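Colleague: Take a look at the following structure, please.
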Amino acid sequence: MINLLMFGPPGAGKGTQAQLLAAHFRLRHLSTGEIFRSEMGQGTELGRAARAYIDKGMLVPDEITVGMLRGYLKPDPTFRGFILDGFPRTIAQAEALDRLLGEWDSGITRVFSLEVPDEELKKRLRQRALTSGRSDDLDENVIEHRLEVYRKETLPLKAYYARQGLLEVVNGVGSIEEIFSDICSRIHLLGV
Ligand code: AMP
């Protein structure tokens with residue numbers, strides 16, 4: 001299996017690149033943010049629970065997020081593996097993912113960290129707010145809070161994956177095609 005993680009702050013381009021990579025390498029794409037938004041749209045109990053955190057720019061608690069991911073992430077022979085974007089966001093989530101993959105005798109193949117300076121992220125998120133319809137893109141304070149939560153809770157994962165030799169740092173500033181082609185060539189180097 002080829003199991004990839006897209007890592008990086010809000011607005012780094014994880015979703016865009018994950019979608020392209022999923023189609024190119026026939027991977028199942030799962031975005032926890034997208035799943036939460038779809039649950040919110042349907043007004044499910046999970047959606048209502050998640051909204052309270054998402055609208056404030058906070059992380060949804062690990063128990064809820066991990067429980068949800070477990071429900072969605074099953075081995076599926078029609079794909080060569082999966083690509084996750086927006087998960088894991090905490091060390092506890094990363095450990096839960098390792099345990100889940102251990103149950104399948106599988107593991108993470110690579111973690112791609114998209115690096116983009118803060119000012120550029122804010123510019124992109126403001127731009128995205130014009131079309132995304134995302135409640136959490138609309139408010140400057142919520143955007144600031146999401147970046148702060150990223151630095152405090154999610155950034156330590158970089159060291160977690162670097163220690164395991166899985167981390168690939170990617171320049172996330174450039175055209176979508178340039179960044180996609182950079183990541184593709186690194187995946188090809190793995191013999192894929
Ligand atoms: P995203 O679409 O990845 O930017 O996620 C949007 C929002 O959903 C985040 O700001 C969080 O509130 C929530 N969310 C998405 N993924 C996770 C996760 N792995 N852990 C906790 N909260 C999450």
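Colleague: Determine whether H145 is surrounded by fewer than 17 Cβ atoms within 10 Å (Cβ to Cβ), farther than 14 Å from M6 by Cα and free of Cβ contacts under 8 Å to residues at least 60 places away in the same chain. Talk me through it step by step, then tell me what you get.
Modeller: Values: surrounded by fewer than 17 Cβ atoms within 10 Å (Cβ to Cβ): yes; farther than 14 Å from M6 by Cα: yes; free of Cβ contacts under 8 Å to residues at least 60 places away in the same chain: no.
No; evaluated as a whole, the condition is false for this residue.
Colleague: Quick check on this structure: which one of F87, F112 is in a loop (DSSP other than H, G, I, E, B), among the hydrophobic types (A, V, I, L, M, F, W, C) and under 22 Å from Q164 (Cα atoms)?
Modeller: Working: F112 fails: in a loop (DSSP other than H, G, I, E, B).
None of the others qualify; the one that does is F87.
Colleague: Restricting attention to segment 31-51, which residues are near the ligand (Cβ under 10 Å from one of its atoms) and either part of a loop (DSSP other than H, G, I, E, B) or among the aliphatic types (A, V, I, L, M) (or both)? Outline the logic, then answer.
Modeller: Start the filter on segment 31-51 by keeping residues that are near the ligand (Cβ under 10 Å from one of its atoms), which leaves 31-37, 40, 50-51.
Answer for segment 31-51, where residues must be near the ligand (Cβ under 10 Å from one of its atoms) and either part of a loop (DSSP other than H, G, I, E, B) or among the aliphatic types (A, V, I, L, M) (or both): I35, M40, A50.
Colleague: Select from segment 51-72 the residues that are touching a Lys or Arg at 6+ places or on another chain (Cβ under 8 Å) and not β-branched (V, I, T) and write down the one among them that is surrounded by the fewest Cβ atoms within 10 Å (Cβ to Cβ).
Modeller: L59
Colleague: Checking H24 against (1) within 16 Å of the ligand (Cβ to nearest atom); (2) in a helix (DSSP H, G or I), which single condition isn't satisfied?
Modeller: The one condition H24 does not meet is (1).
Colleague: Additional query: Would you pick out the residues in segment 1-27 that are surrounded by fewer than 20 Cβ atoms within 10 Å (Cβ to Cβ) and among the basic types (K, R)?
Modeller: R26
Colleague: Let me ask something else. Does G11 qualify as being under 17 Å from A129 (Cα atoms) and out of contact with any strand residue (DSSP E or B) (no Cβ under 7 Å at 6 or more places or on another chain)?
Modeller: Numbers: under 17 Å from A129 (Cα atoms): yes; out of contact with any strand residue (DSSP E or B) (no Cβ under 7 Å at 6 or more places or on another chain): yes.
It is true that G11 is under 17 Å from A129 (Cα atoms) and out of contact with any strand residue (DSSP E or B) (no Cβ under 7 Å at 6 or more places or on another chain).
No lab work stands behind these numbers, since they all come straight from the coordinates. Remember, predicted model here, so these are calculated numbers, not experimental data. Heads up, the Cβs are rebuilt from the backbone with ideal geometry, glycines too, and the neighbour counts pull from every protein chain shown.
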